Amino acid sequence: MNILVFLCGLFALIYTLARYPSSFKTIGLAAVAFLLIFTAFDGFSLFWGVLVWAFLGIPTVILGPSELRRKILTRPMLKRIKSVLPPMSETERDAIEAGTVWWESELFRGAPDWKKLLRYKKPELSDEEQTFLDGPVNELCEMIDDWDITHNRMDLPEEMWTFLKQQGFFGMIIPKKYGGLEFSAYGHSSVVMKVSSRSISVGVTIMVPNSLGPAELLLHYGTDAQKEFYLPRLADGREIPCFALTGPDAGSDAGSIPDTGVVCKGKFKGKQVLGLRLNWEKRYITLGPVATVLGLAFKVYDPDGLLGGDADLGITCALIPADIPGITIGNRHFPMNAAFQNGPNSGKDVFVPIDYIIGGQKNIGVGWRMLVESLAAGRGISLPALGAAAGKSVARTTGAYARVRKQFKTSIGKFEGVEEALARIGGLAYMTDAGRLLTLSALDSGEKPSVVTAILKYYNTEFMRQMINDSMDIHGGRGICMGPSNYIARSYQILPVGITVEGANILTRSMIIFGQGAIRCHPYLVSEMEAAVMVDQAASERAFDQAMTGHIIYLLSNVCRAFIYGISGSHLADSPTPGRIATYYQRLSQMSAAFAVTADLALIVLGGAFKRKEKLSGRFADVLGYMFYASAVLKKFEDDGRPKADVPLLEWSAKHCLYQIQMALDEILRNFPIKWLGLIVRTIIFPLGLSLRQPNDFLGHRVAALLIKPGKARDRLTQGIYISDDPDDITGCLEDALKKVILAEPIERRLRANHQVKSDLQSYQQWIDELVTKDLISSTDAKILLSAQVATRKVIMVDDFSPQELGIKRAKNSPKKKKLPKKKPKVASVT
């Protein structure tokens, strides 16, 4: 009985601390009061009394009085942290401090406020943005022939370039006062998504001028004169911009660029001016081959002290007209058969005035900060829109194809193996769009959530890879045969481009997401690091003690929260909604607390060495990333009005995210740097074991079923892409065939029930005529069946080419075979 009372009291104490974090003093008084009362009523034997008092009482005494705490705990901890804290470079500091902290911090800290999530505004299009999407964007999509662009021209047609310039596609982010469209982040994303659903090459061409580049940098950092000159010209397409950052010796490590600008005096347009002599070599520059103005990143040096300061002044960004002497615009790269312009450029002793620097002379050395701050926002728009476009397009086209295409007299979409892939496509498409919408809500409210945009860039492009791979598997031979009627293969070819650019995905996952998130989102880590580098020892000790005290309470609260939520199967966690959906909020609260505990202890144990533990960092990134997507799908479901038809998509996505979170935490604990501590943490956060499971087969069946038939859920899932029902359109023929096949299915079932099967010796037309003659079907039925058969035939057929069309002409394209010299016959010698 005493044990039961003690356990109940201890549980109440843990629950209180989990839900209502307090000061050391309050916690200590509560613990001591509980122990005194229990001891006074002979609740303990001598052995257990000493053990429990030692376990709870001694830490309370040590942590309570400030002087004792500082002597026993603060000073040794501060000394250790000072010894292991690695130096932070300026580029690292700029990257970490770039942007703002948003919803990810709620997830990181172990106690997400779900009401706060649901209060975030749902992104909406303005009337002007909707008109643009319904007008010029649809007109552009009708103009696009992706096969002609990527196979015949390797470029956009001249009339399409003209249309893009005239309609303002290159000026979506530029304010109206400079002649731009001044779209919201959501409007910008919606345009890129719809166009990319038609052609990734055209989508990227539109994407780049509106992403990280001259216009973005000018808006935030340019001088008034630079804005007045360049922004109107960028908005109407008189100037085509590119941004040159990457070079042969600096890719992901952009901070180590070897390109230089030496401060000097020289002649420019006949006048002696202070300027920069530039030398650079860049590659992979999108729009570079056609650019008229180069955004250029380089390091500035002032060896002669002309600016009166240091010689090494740091990374700087400038706008350089492409026709200045010394600039070489190289040939084109050929990235995965894509037709968007991409190529190298270089400069040799290019002299430009110092006011070509974006923002003028005062911005020398702040180029890296400018880039990472712009990337913090821009990374959340373009590439995630590309991933969402791919997901929506794949969901719609693959679902339709799987219903139309039959094998063994059954739609392949009804085979369980195909259902598994379709369910994955549907669930991931729902997740990519939900993540996109939640991030755009932040961007349009003025936030620049650098961690969230890194998450979105990585996972939306990775989900795109999975969805396109699944689609190719379902299409089989139809997917791998290139030609004018193939709507999936170019996306399959080009998808590695999205994986690679704006931070390679391996780097983003293993170094950026958690590495940046841990410092930005943790409530005490930055304060502790700042205290550790203070010169004044007394001030350092006071600041560190204050931060450390809060940190310990924070950790203790999360430990209690993780255990309480884990032991109760998350039923003691809060939810903003009732019913079955509440389970997902509660489970996510449990995972958030578990993540907070595990991350905190890993950072404490490893200290500065954590930055080299990229595998652990990548798994923490997975936890944080999937928590973000689980939040996003719950938010999307609420924003959409909780449609009943979408419940399978929500549940598949939520279950998938929760399972991935659980397994990533399991991998972290299996590889925890201190094994015994990993076992203790596992017991705390998973007291009931690994209880979460992947979506089951029945749920997958329900998701797959949504993709293979017209309906509101399918339309909501694929909303925002270009959809045509023109039977002569590359994807419109699928929509046409889907409707006709579904209309014919009841007639086909009736014929099978009556054992009416076409003979192999008959054509389909002959069989239909025979059925009409025998009065087994009506003439209307016959028309429906024939129409479905013709539409199906059109969908399943693939392109073929003559040798001449493929350019197989030995005389022109192949080197002539060299004639081998005739060997002299061997002459036998006579002995």
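Before moving on, here are some points about what is shown:
Let's see how each residue does on (1) hydrophobic (A, V, I, L, M, F, W, C); (2) crowded, with 19+ Cβ neighbours inside 10 Å; (3) outside any helix (DSSP H, G or I):
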{"site": "Met534", "(1), (2), (3)": "yes, no, yes"}
{"site": "Gly566", "(1), (2), (3)": "no, yes, no"}
{"site": "Gly569", "(1), (2), (3)": "no, no, yes"}
{"site": "Gly579", "(1), (2), (3)": "no, no, yes"}
{"site": "Met591", "(1), (2), (3)": "yes, yes, no"}
{"site": "Ala599", "(1), (2), (3)": "yes, yes, no"}
{"site": "Leu603", "(1), (2), (3)": "yes, no, no"}
{"site": "Gly607", "(1), (2), (3)": "no, no, no"}
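- When Gly498, Gly476, Gly503 are screened for being touching a residue at least 40 places away in the same chain (Cβ under 8 Å), open to solvent by 10 Å² or more (accessible area, probe 1.4 Å) and not polar (S, T, N, Q), only Gly503 passes.
- Residue list for the stretch 674-688, filter: basic (Lys, Arg) and free of Cβ contacts under 8 Å to residues at least 12 places away in the same chain: Lys675
- For the stretch 361-368, the condition of being outside any helix (DSSP H, G or I), of a type in the set (A, V, I, L, M) and more than 26 Å from Gln466 (Cβ to Cβ) holds for at least one residue.
- Just one residue in the set Phe544, Phe563, Phe620, Phe637 is aromatic (Phe, Trp, Tyr) and over 22 Å from Glu106 (Cβ atoms); that residue is Phe544.
- Of all residues in the stretch 690-746, those satisfying the criterion of being surrounded by fewer than 16 Cβ atoms within 10 Å (Cβ to Cβ) and without any contact (Cβ under 8 Å) to a residue 24 or more places away in the chain are Asn696, Phe698, Asp715, Asp725, Asp726, Asp728, Gly732, Glu745, Pro746.
- Test: residue in the stretch 650-658 that is part of a helix (DSSP H, G or I), modelled with pLDDT of 95 or more and within 28 Å of Leu606 (Cα to Cα): yes
- Of all residues in the stretch 651-673, none satisfies being loosely packed, with under 14 Cβ neighbours inside 10 Å, in contact (Cβ under 8 Å) with a residue 40 or more places away in the chain and more than 28 Å from the chain's Cα centre (by Cα).
- The residues of the stretch 613-634 that are open to solvent by 10 Å² or more (accessible area, probe 1.4 Å) and assigned to a helix (DSSP H, G or I), listed by number, are Glu614, Lys615, Leu616, Arg619, Asp622, Tyr626.
- With respect to the conditions (1) part of a helix (DSSP H, G or I); (2) open to solvent by 60 Å² or more (accessible area, probe 1.4 Å), Ile684 lacks only one, and its number is (2).
- In the stretch 783-831, residue surrounded by the fewest Cβ atoms within 10 Å (Cβ to Cβ) [restricted to those that are more than 30 Å from His475 (Cβ to Cβ) and either at pLDDT 80 or above or of a type in the set (Val, Ile, Thr) (or both)]: Thr831
- Considering the stretch 252-352, the qualifying strands (runs of 3 or more DSSP E), each wholly inside and each with 3 or more residues that are closer than 28 Å to Leu231 by Cα and open to solvent by less than 40 Å² (accessible area, probe 1.4 Å), run over 260-268, 271-286, 293-301, 312-321.
- The C-beta contact set for the stretch 129-155 (first residue closer than 22 Å to Lys176 by Cβ and assigned to a helix (DSSP H, G or I), second residue open to solvent by less than 40 Å² (accessible area, probe 1.4 Å) and among the hydrophobic types (A, V, I, L, M, F, W, C), distance under 6 angstrom, 6+ apart or interchain) comprises Glu129/Phe183; Val137/Val191.
- Considering residues of the stretch 369-407 that are in contact with a strand residue (DSSP E or B) (Cβ under 9 Å, 6 or more places away or on another chain) and not in a helix (DSSP H, G or I) only, the residue farthest from Leu278 (Cα to Cα): Arg405
- Of all residues in the stretch 410-438 being β-branched (Val, Ile, Thr) and surrounded by fewer than 22 Cβ atoms within 10 Å (Cβ to Cβ), the one that is nearest to Glu462 (Cα to Cα): Val418
- Any chance Gly483 is open to solvent by less than 10 Å² (accessible area, probe 1.4 Å) and part of a loop (DSSP other than H, G, I, E, B): yes
The values are calculated or read from the model by the stated rules, or taken from the named source; none is laboratory data. Keep in mind that what you see is a predicted model, and the values were worked out from it rather than measured. Because the Cβ atoms are built from the backbone with ideal geometry, glycine has one as well, and the counts that use them run over all protein chains shown. Quick note on the areas: whole protein, heavy atoms, side chains included, nothing else; ligands and nucleic acids left out. Shrake-Rupley method; radii C 1.70, N 1.55, O 1.52, S 1.80 Å.
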